1. Which one, CYS152, ALA183, SER233, is farthest towards the positive end of the dipole of the range 140-267 when Lys and Arg carry +1 and Asp and Glu -1 on their Cβ?
2. Using a simple spin-label model with points 7 Å from Cα along the Cα→Cβ vector, what separation in nm is obtained for ARG17 and ALA133?
3. Need one number: nm distance between label points at ARG158 and LYS260, each 7 Å from Cα along Cα→Cβ, rounded to one decimal.
4. Give me a comma-separated list of calculated 3J(HN,Hα) values for the range 20-29, in order, Karplus coefficients 6.51, -1.76, 1.60 applied at θ = phi - 60°, integers in Hz, x for any Gly or Pro.
5. Using helices alone, I'd like the mean residue ellipticity at 222 nm for the chain: each DSSP H run of four-plus residues gives -39500 (n - 2.57), total over residue count, nearest 500.
6. Determine, at each q value in 0.08, 0.10, 0.11, 0.13 (inverse angstroms), the log₁₀ of I(q)/I(0) that the Debye formula gives when each Cα of the chain is one equal point scatterer.
7. Within the chain, count lysine pairs with alpha carbon atoms under 22 angstrom apart where the residues are 8 or more positions apart or belong to different chains.
8. Suppose the chain between ALA183 and GLU118 were pulled fully straight at 0.36 nm per residue; how much longer would it get relative to their current alpha carbon spacing?
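The values are calculated or read from the model by the stated rules, or taken from the named source; none is laboratory data. Given the structure is predicted, the values throughout are model-derived calculations rather than measurements. As a convention, Cβ positions derive from the backbone with ideal geometry for all residues, glycine included, and neighbour counts pool all protein chains shown. Remember, those area values only see protein heavy atoms, side chains included, never the ligands or the DNA or RNA. Shrake-Rupley method; radii C 1.70, N 1.55, O 1.52, S 1.80 Å.
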Amino acid sequence: MDARNNIGSEGVFAGLRARLFSTAYRMLGTRADAEDVVQDAWLRWQAADHDSLQSAEAWLVTVTTRLALDRLRERKIERESYPGWWLPEPLVEMDENTPETAAELASDVSLALLWTLERLSADERAAFLLRQAFDQDYGDIAALLGRSEAGCRQLVHRAQEKIREERPRFPSSPEAHRALIGAFMQAAGRGDRDAMKALLSPQVTLVSDGGGKMPSFGRVLEGAGRIAGVFWSIEHQNPGCVQYRMARVNGEPGLLRYVKGRIESAQSFHIDDGRIASVFVVRNPDKLAGVPQQFLDTAT
């Protein structure tokens, strides 16, 4: 490959890098694994015969998906032995105008969706993402997964049914979502249980991931009173030492909670019919490495 072609291939890959990262992250749920997959795709791209490709984008998405699927299968035993509930590593952005955030906003990578995807089989997850997120035809999906087209249609159908059950019936606008999370942040900061309960659905659930390194609940908590009590207890046990900051968590308004000035958790919220329907709390310190570790007084 001569220098000019090399520069051109680098530009093509750079232009697609955000999409490839999003593809791998939605398959794997961790930044490090997604970045490793993208790096592997880059090495294969360098060695590819670019002139013979009909579509560089289709080739790279396919290679990235195949690499991510292989890694997801390798991680299966590790995930099954994970202490407690496994939640994806949150993608946290403090500046909503960064290029990475813009790329994330172009596709749905919410923790609520990823939580549902995590409970699909590896092939269901891959088939659903290839079809719904990237509009791949069933022939290409079948070739990638080594299944028949009819089998892939069944995979996508089963995944759609499971995901449809988790989708909000009455989704909120981004402005209403942000306002609701802001109001909940104020109520949690005051330790106001009644105010928190008013913002929570009566059937609200909470999933906590401590990874065996931080305390977390061994079951999914349910009920507005119980979950408001969880937030109240954090403030009650650390009076005057709990601070919240709004941030964009996986493309949606979420919260960072600091205790005694140090990051304690990143929180994402699933909104339905104007109330908080699900809360996802990531406490595993390994998954918070990319989050500002100290509370910033400039928080808004």
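1. Final value for the positive-end residue is SER233.
2. It works out to 1.9 nm between the two label points.
3. So the label points at ARG158 and LYS260 sit 4.8 nm apart.
4. 3J(HN,Hα) across the range 20-29, in whole Hz: 5, 4, 4, 4, 5, 5, 5, 7, 10, x.
5. Details: 12 runs with 153 residues, N = 300.
Here the helix-only value at 222 nm equals -16000 deg cm²/dmol.
6. These q points yield log10 I(q)/I(0) values of -0.38, -0.59, -0.70, -0.95.
7. Summing the qualifying lysine pairs gives 6.
8. 20.4 nm is the gain from fully extending ALA183 to GLU118.
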